[in-house]
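*Asks:* Structure incoming, see below.
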Amino acid sequence: MTQSTIRLTVNGRIHDIDAAADTALLYVLRNDLELNGPKYGCGLGECGACAVLIDGVAARACVIPIEGCVGRDIVTLEGLGSRCNPDPVQQAFIAEQAAQCGYCLNGMIISTKALLNRTPHPSEADVIEALRFNLCRCGAHIEIMRAAMRAAGHLVGAANR
Amino acid sequence: MTDPDAPMDVLPGSLSVVRPAGSGANGGFETFIKITADGSVTAFNGHVDLGTGIRTALGQIVAEELDVSFARVVVVLGDTSVVPDQGATIASETIQITAVPLRNAAAQARHFLVAQAAQRLELAVEDLFIEDGLIRGRDNRSVSYGELISGETIRIDLKDDVPVKAVSAYGIVGQSVPRTDLPAKATGELVYVHDVRVPSMLHGRVVRPPYAGVDAGAFVGTSLIAVDKASVRDIPGLVAVVRIGDFIGVVAEREENAVKAAAQLKVSWKPTPTLPDLKDIETALRANPSTPRTLIDKGNVDAAIAAAAKPMPRTYIWPYQMHGSIGPSCAVADYREGAVRVWSGTQNPHILRADLALLLQRPEREIDVIRLEAAGCYGRNCADDVTADAVLLSRAVGRPVRVQLTREQEHAWEPKGTAQLMEVNGGLNADGSVAGYDFATRYPSNGAPTLALLLTGAVAPVPAVFEMGDRTAIPPYDYDAIRVVAHDMPPIVRASWFRGVSAPPNTFAHESYIDELATEAGVDPIEYRLRYLKDERAVDLVNAVAERAGWTPRPVRKEPAAEGDIVRGRGFAYALYVHSKFPGYGAAWSAWIADVAVNKTTGDVSVTRVVAGQDSGLMINPDGVRHQIHGNVIQSTSRALMEEVSFDRHAVTAREWGAYPIIKFPDVPRIDVLMLPRQDQPPLGVGESASVPSAAAIANAIFDATGVRFRELPFTPERILAGLRGAQGVAPAPMPLAPPQPPASTDRWKNPFAGRRGAVATAAALCVAVVGVASAVLPWRSIAPIARPDASTWSAATIARGQQLAALGDCAVCHTVANGAINAGGRAIETPFGIIYATNITPDVETGIGAWSYPAFERAMREGIHRDGRHLYPAFPYTHFAKTSDADLQALYAFLMAQPAVRAETPANTLAFPFNLRPLMAGWNALFHQSGAFQPDASQSATWNRGAYLVEGLGHCGACHSPRNALGAEKASAHLAGGFAEGWEAPPLTSLSHAPIPWSEDELYAYLRTGESRLHGVAAGPMAPVVKALAALPDQDIRAMAVYLTSFNDAAMDEPARHALGARLEKSTGARVVSASPVGARLYEGACAVCHAVGGAPLFGSRPSLALNSNLHSAVPDNLIQVILHGIAAPVSSDLGYMPAFKDSMNDAQIAELVTYLRRQFAPGKPVWTGVRAAVHLARHRISR
């Protein structure tokens, strides 16, 4: 593959990436930008561990080449917030202790964030559907559901302030 | 490097509690607790946190015994250079066993410091109290731990008998404490082993042998024939291809290039031996050699059973299952002479270190295993394997290497949770009591040696026999006559411990069997158990759970009232998980009451609610215990309902989540956790117990609902349906048969030599005859070369117009090789007659068309004649291009000549005789080619005529979309009636279209403009670059093409009606068709539904609706197969999103199941496709583009 520089906007910052155009976004985020949030899980878009937001919509970074991301706004788990200043969704997941090993947590938080971006007041059924294709093997589903519901309420509160 | 003080001596003083290290530790000592002069506390434990939260619980224990705040304690786990060797983190031992010395160490440190303080403050020990490391007494006298330690280095030897705090004095242990790791995990700040980056690190991938998931037998380590290193020569930044025995790895500077190299590397292997048929586990396990080991033999079992009033022999079967870590294993290794460091997600750092020492032939002291968190493993996954892989690759290249296993590798090679066979012979006495219980269990599993040891030949591939089939093999019931035998046996496929080890299968048998006994005796199943349960804590738990769930005694099963197709039931099971070497230790007691809903029409089982009761003794962190119970309930429900590893006769075939589904959010039961307050009792392991009763509780509930007893997992819809039909004495209902399929399109390009010899010979003869005539009349001659015209010859407007025309004609699509220079040729075009290579049409004088005059160009475009007089093959669609106007041809010529010249020789065609004889093409032309320019139809609109000109001329749609005759000419009689190109069906553009909703002008316009029609699908395969190229054309030209093509269709339906039909089709195909392939249904749900389910959560890209997709409604499955195999890597626009290729994750049989399912589910009115598997095989082995 002919190599050329590809310009990506990640977490509000512009990066010029020297990688083949068909390189999966996930590898560039993890290796070039040293972001740990998105994780490799299946490489087929099945499990959701690699999720990021692209233009505010959930995306599976393992199946999207960087050439498809040019001119788009990419946000990773790190872009939402930090330990000192977490996003309300992250805060809700911490408050509900919504992980065991935590490997799927990135995808759960990103999918919840994407849901709230498009549906600020989701029902429980909306949350289940939004997380349906995010796999968790530890069985933290109950806590994750609670966290996502809490995040929904939390964001409602924030919007009302 | 065994001295933990060495790297930490920056602070002036410290207090450590230590013990002498074991062998291999070079005379050093192991530290448990270290307190530094600043008052901070570090606790060291040899176990690791597998995601269960033991880091937090251990911190609580230390804080409690030391009387410091929880926040002051840092827990270090699993780094072999600093933590004590405490064996593998298995069997729920951490809290019960491994935490004991840590607790003692903390208590010892407290006693020491208090004694020091008493001296310093001149007060009696009894008069002192401690608040967060500050020791205080009367008169405001106080001194802190840090002040006591000051600049001194104090070491205390760990003792076994240390007075520890009374539970009644606990302030931290027993309180729920938030997990310390979650804030970092929720923000991407935690460094998992996957996230380790060290300077100058390279990326490795391994290539595994074809005997996937099999690790014993003489072929292991000896099957590799050859590795063709030249096959990856073109990979950028490739550093090495490493081969040792059957171990193969590639190393590259960048990860994606290591991925490409691993995929592209050509490797030849010896044939893989045949496995026992693992679809029949019972036979396979009975045939596996074994050694009986009697665990208990009480009373005269044989006589008791012989005297039983009702003998009840039963067999229970547990399938192979996967640990299924969400993150495939990963490791980093840095091999240097005398100092090897690895970063690993291992369960057992010290054991792994010994393995690495053996593999590298280096002493253990030279190796440092640094354990980082990884994805939850629930037992032995590939964490150790990948660490050894990384070490081998790092040693080969002399730099640090990170190795990430693929999903397919983790699925195929992780040591499986083994299948297990349980047989019970027993029965009832006349009074309903248990006559006797003769239990035998077969557990073909061991410790799964680290793979690199086997692949490289460092360890012989002879399967060891482990005695681990005995976990909870003795039932908890006090039967008078009981015998339990574990038939110890080697593995059949690679297998090792998985959460609960052999206890969940054994308990499935015990707890199903006692339910069967109770049913036969006509006694409530809980009451029946209580007659034989003597353990008081167990009795308390069973009663508490029954009360919590509102259990109503059910001595006789009552047929539940059906709600439509649904019947509901409730089941109970109880277990004490007994772990570690027999007779082992009991972990927490667990009891389940499960509620299920069974759909009698579909066979779907839903676990709607679980009341999970547990007696865990002292709960260090009650919230942590609750979460562990949740996790166990959910994971074990998943195992019972849907989990089963599939094999063919050579290897594991489940290589992604569609073939091995795990539970998803909609299927998670409501869980009511009941934790018995036993804070005065010793703490027990809680990491596995709640998994153990699961399968039996669910099976018992299904029996309650349906009256049918299921003795084999998983409870899949097909197993339930088969059971229900069997129980009702009804033969399986025949699947409604679809009407017979019409023969596949005869218009498909076929190799004319395969079966149509006569016709071809005739036609060829005809060509030869015609060529004789034609050559006489029209002697083709060479047109003299010219000097390459200067681009300034033409106006910018002309060149721009030519650019549009080149886009319309898709010149670059055929004349450009993948990733090559535009229009420089070389692309192989597969035809039924052989391979034709597209030529170089850049203006290079020697290898391209730089020396072509316009007349030469025009003659090629209109007549198919090369400048030098040779005939061109009609793979070059001059039959269409001939219709182009002079002005357009001139503009196209101008554009091509104005482009950069690229020197590139075109490879020679590889055509079979007689098609390699170019002069024959003269005859072909005489038969099939009309060279007249486009003639408008006066009866049609100007737009229609414009469309016709574009479609029939440069657009050359018919080249793919019209069927061809035996000589490869488009059939005039079936214009645009559908054809084939490059393994893809080019669907009919006429009223013969297979689309479930007729094409309209607007949908055609949308499709040609954007690459997607909401009512038909997206452009893929060879059509994607066509639509992409059309972007150069103005909207009105696309509209004209749509108008023209629509005129071939019946366009009676209006727009609202089309969309209403679409919605109806989507709704009617939304519910699962019972008769469709269950395997295919699971593959769809795991692999496809995320992007294709109607109404699913939006994801980046489009969401093509399968119910409306023309390809699912076609007469042939080719396009569906192609897109599943190869995905869509280059869509018309990135807005449409991308589809991954599944060719490396699914085998032919799986794709055939999936395709068959999709057809049945989403095109239910259409006949089933036949020959799907062969079509998949063919498509997989075509020349890949």
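Where a number appears in this text, it was derived from the coordinates with a stated rule and is not lab data. Computed from a prediction, not measured in an experiment: that's the story for all the values here. Reconstructed Cβ throughout: ideal geometry from the backbone, glycine too, with neighbour counts over all protein chains shown.
*Asks:* If I model a spin label as a point 7 Å beyond the Cα along the Cα-Cβ vector, how far apart are those points for B:TYR585 and B:SER1068 in nm?
*Replies:* So the two model labels end up 6.3 nm from each other.
*Asks:* Let me ask something else about it. Would you mind working out the magnitude of the charge dipole of chain B relative to its Cα centre, with +1 at each Lys and Arg C-beta and -1 at each Asp and Glu C-beta, to the nearest 20 Debye?
*Replies:* Values: 108 positive and 120 negative charges, 672 e Å.
Magnitude of the dipole: close to 3220 debye.
*Asks:* Counting only Cα atoms, I'd like the Rg/Rh figure for chain A, Kirkwood definition for Rh.
*Replies:* 0.98
*Asks:* Mind jotting down the distance between the C-alpha centroids of the stretch B:968-994 and the stretch B:466-533, whole Å?
*Replies:* Cα centroid to Cα centroid, the span is 63 Å.
*Asks:* Do you know the relative contact order of the stretch A:3-80, to the nearest whole percent, from alpha carbon pairs under 8 angstrom that are 6+ apart?
*Replies:* Relative CO of the stretch A:3-80 lands at 38 percent.
*Asks:* Further question: Return the long-range amide H neighbours of B:TRP269 (sequence gap of 5 or more, or a different chain), with a cut-off of under 5 Å between placed amide H atoms.
*Replies:* B:ILE225
*Asks:* Now, a different point. For the peptides B:928-940, B:574-586, what is the packing order when you average, over each peptide's residues, the other Cβ atoms within 10 Å and list the highest mean first?
*Replies:* Answer by packing, highest mean first, reads B:574-586, B:928-940.
*Asks:* Now a separate question. Compute the separation of the alpha-carbon centres of the stretch B:1122-1185 and the stretch A:98-115 and state it in Å as a whole number.
*Replies:* Answer, in whole Å: 31.
*Asks:* Over the stretch A:88-151, what number does the Rg to Rh ratio reach, with both radii from the alpha-carbon atoms and Rh per Kirkwood?
*Replies:* Details: Rg = 10.2 Å, Rh = 11.2 Å.
Radius of gyration over Kirkwood radius for the stretch A:88-151 works out to 0.91.
*Asks:* Of the peptides B:56-68, B:691-703, how do they stack up when ordered by the mean number of other Cβ atoms within 10 Å, highest first?
*Replies:* With the highest mean Cβ count within 10 Å placed first, the list reads B:691-703, B:56-68.
*Asks:* Per residue of B:1072-1082, how many C-beta atoms from partner chains lie within 10 Å of its own C-beta, taken as a mean?
*Replies:* 0
*Asks:* Then there is this: Could you give the dipole magnitude of the protein assembly as shown about its Cα centre, charging the beta-carbon of Lys and Arg +1 and that of Asp and Glu -1, in debye to the nearest 20?
*Replies:* 2940
*Asks:* What list of ³J(HN,Hα) couplings, whole Hz, do you get for the stretch B:1012-1021 from phi and the Karplus terms 6.51, -1.76, 1.60, once you set θ to phi - 60° and write x for glycine and proline?
*Replies:* Here the 3J(HN,Hα) series is 9, 10, 3, 8, 9, x, 10, 6, 9, x Hz.
*Asks:* Using only the Cα atoms of the stretch B:815-856, construct the convex hull and provide its projected area averaged over every direction, in square nanometres to one decimal.
*Replies:* 3.5
*Asks:* Here's another thing I want to ask about it. Output the relative contact order of chain B, whole-number percent, from Cα pairs under 8 angstrom with separation of 6+ residues.
*Replies:* 8
*Asks:* Would you pull out the residues with amide H under 5 Å of A:ASP73's amide H, same chain only if 5 or more places away, H placed 1.01 Å from N?
*Replies:* Amide H to amide H, under 5 Å and 5 or more residues apart or across chains, A:ASP73 pairs with A:ASP55.
*Asks:* When the dipole is taken about the Cα centre of the stretch A:88-151, and only Lys, Arg (+1) and Asp, Glu (-1) are charged at their Cβ, what size is it in debye, to the nearest 20?
*Replies:* The calculation lands at about 120 debye.
*Asks:* Stokes-Einstein D for the stretch B:252-385 at 10 °C, 1.306 mPa s, Kirkwood Rh over Cα pairs, in µm²/s? It would help to have the intermediate numbers written out before the result.
*Replies:* Numbers: Rh = 20.6 Å.
Translational D for this selection: 77 µm²/s.
*Asks:* If you don't mind, another one. Place +1 on the Cβ of every Lys and Arg and -1 on the Cβ of every Asp and Glu in the stretch A:88-151, take the dipole about the Cα centre, and give the residue among A:VAL89, A:ILE110, A:VAL127 whose Cα lies farthest towards its positive end.
*Replies:* A:ILE110
*Asks:* Moving to a separate point now. Positive end of the dipole of the protein assembly as shown, charges at C-beta (+1 Lys, Arg; -1 Asp, Glu), about the Cα centre: which of B:PHE1100, B:HIS627, B:VAL100 has its Cα farthest in that direction?
*Replies:* Highest projection toward the positive end goes to B:PHE1100.
*Asks:* What's the exposure ranking of B:LYS34, B:LYS534, B:LYS270, going from fewest to most Cβ atoms within 10 Å?
*Replies:* With the sparsest Cβ surroundings first, the list reads B:LYS534, B:LYS270, B:LYS34.
*Asks:* Identify, among B:GLY958, B:SER885, B:THR798, the residue whose Cα sits farthest towards the positive end of the charge dipole of the protein assembly as shown, taking +1 on the Cβ of Lys and Arg and -1 on the Cβ of Asp and Glu, with the dipole about the Cα centre.
*Replies:* B:SER885
*Asks:* Can I ask one more? Report the Cα centroid-to-centroid distance between the stretch B:354-410 and the stretch B:67-113 in angstrom, as an integer.
*Replies:* Between the Cα centres of the stretch B:354-410 and the stretch B:67-113 lies a distance of 25 Å.
*Asks:* Follow-up. How much mean residue ellipticity at 222 nm does chain B get from its helices, if each DSSP H run of length 4 or more adds -39500 (n - 2.57) and you divide by all residues, to the nearest 500 deg cm²/dmol?
*Replies:* Value at 222 nm, helices only: -9500 deg cm²/dmol.
*Asks:* Given the C-alpha atoms of chain B, compute the convex hull and give its volume per residue in Å³. Don't skip to the answer; put the middle values down first.
*Replies:* Working: hull volume 255.6 nm³, N = 1185.
Considering the Cα atoms of chain B, their hull volume per residue is 216 Å³.
*Asks:* Once you have a ≥ b ≥ c as the square roots of the Cα gyration tensor eigenvalues for the stretch B:858-955, tell me rounded if a/c is under 1.5, and otherwise prolate or oblate according to whether a/b is larger than b/c.
*Replies:* oblate
*Asks:* Read phi for every residue in the stretch B:652-664 and hand back ³J(HN,Hα) as whole Hz from Karplus 6.51 cos²θ - 1.76 cosθ + 1.60, θ = phi - 60°, with x for Gly and Pro.
*Replies:* Listing the rounded values in order: 5, 9, 7, 10, 7, 6, x, 7, 10, x, 10, 4, 10 Hz.
*Asks:* Antiparallel DSSP bridges in the protein assembly as shown: what percent, to the nearest 5?
*Replies:* Of the beta bridges lying entirely in the protein assembly as shown, close to 75 percent run antiparallel.
*Asks:* On to the next question. For the stretch A:3-80, list log₁₀ I(q)/I(0) at each q in 0.12, 0.14, 0.26 Å⁻¹, using the Debye formula over Cα point scatterers of equal strength and ignoring solvent, two decimals each.
*Replies:* Values returned for q = 0.12, 0.14, 0.26 Å⁻¹ are -0.26, -0.36, -1.35.
*Asks:* Using Cβ counts within 10 Å as a stand-in for footprinting exposure, how do B:HIS1059, B:HIS47, B:HIS880 rank, fewest first?
*Replies:* Going from sparsest to densest Cβ surroundings: B:HIS1059, B:HIS880, B:HIS47.
*Asks:* Near the amide H of B:ILE248, under 5 Å away, which other amide H atoms are found, from residues 5 or more places off or on another chain, if H is placed in the peptide plane?
*Replies:* For B:ILE248, whose amide H was placed from the backbone, the distant partners under 5 Å are B:VAL207.
*Asks:* Please express the Cα-Cα pair-distance distribution P(r) of the protein assembly as shown as a list of whole percents, one per 20 Å bin, running from 0 to the bin with the greatest distance.
*Replies:* Binned Cα distances yield the sequence 9, 34, 33, 17, 6, 1, 0.
*Asks:* Quick one: Karplus J couplings for the stretch B:1127-1132, per residue in order, coefficients 6.51, -1.76, 1.60, θ = phi - 60°, nearest Hz, x for Gly and Pro?
*Replies:* With the stated coefficients, the stretch B:1127-1132 comes to x, 10, 8, 10, x, 4 Hz.
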